[in-house]
Amino acid sequence: MPRKVKEGERVDAGWLLRRLVDEAAADIADLYDGEGKLKPIAEWPEVWRQGLVQGVEIEERFEGRGNARDQVGFVKKVRLSDRLKRLELIGKHIGVKAFEETVRVKGLEGLGERLARAAKRLAEEGE
């Protein structure tokens, strides 16, 4: 589980990578009890409380109207943060080339000139 940043603790690339890995590996099942009910937020593992969940919405459900209505339950919605972004950041950190935004191609110096010479030769041969 990620630790809170303590006073004097150094936040560096290693700390960030450990944090991202902890978040990417977090199991959503940890938010639910053995009966499949959402645990109270205070019982969630720290990794989920520190940014993996963007928000929680709880909506009361009622049956009936006016004074005759009875509460019959709740709808609880958990909005998760972008886990794919974490994986992308980990990939960039460890140098996975699939995440690079710019592809560098080597050995193309003078390509334009070489193509022009080849086109000229072809034109001369065709005459």
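Long hydrophobic helices in the chain, taken as whole DSSP H segments with a C-alpha length of 15 Å or more on their own axis and mean Kyte-Doolittle hydropathy at least 0.0: 13-25. Spatially close Lys pairs in the chain, defined by Cα atoms under 22 Å apart and a spacing of eight or more places or different chains, total 10. Relative contact order of the chain, taken over Cα pairs closer than 8 Å and 6 or more residues apart, is 19 percent.
Taking amide H atoms as placed 1.01 Å from N in the peptide plane, the amide H of Lys39 lies under 5 Å from those of Tyr32, Asp33, each 5 or more residues away in sequence or on another chain. Net charge of the neighbourhood of Arg79, taken over other residues with C-beta under 15 Å away and scored Lys/Arg +1, Asp/Glu -1, is +2. Name the residues whose placed amide hydrogens come within less than 5 Å of the amide hydrogen of Val53, ignoring near sequence neighbours (fewer than 5 apart) on the same chain. Under 5 Å from the amide H of Val53 lie the amide H atoms of Ser81, each far enough along the sequence or on another chain.
Read-outs throughout are calculated quantities, based only on the coordinates presented, and are distinct from any laboratory measurement. Since this is a predicted model, take the numbers as computed values, not measurements. Note that each Cβ is placed from the backbone with ideal geometry, even for glycine, and that neighbours are counted across all protein chains shown.
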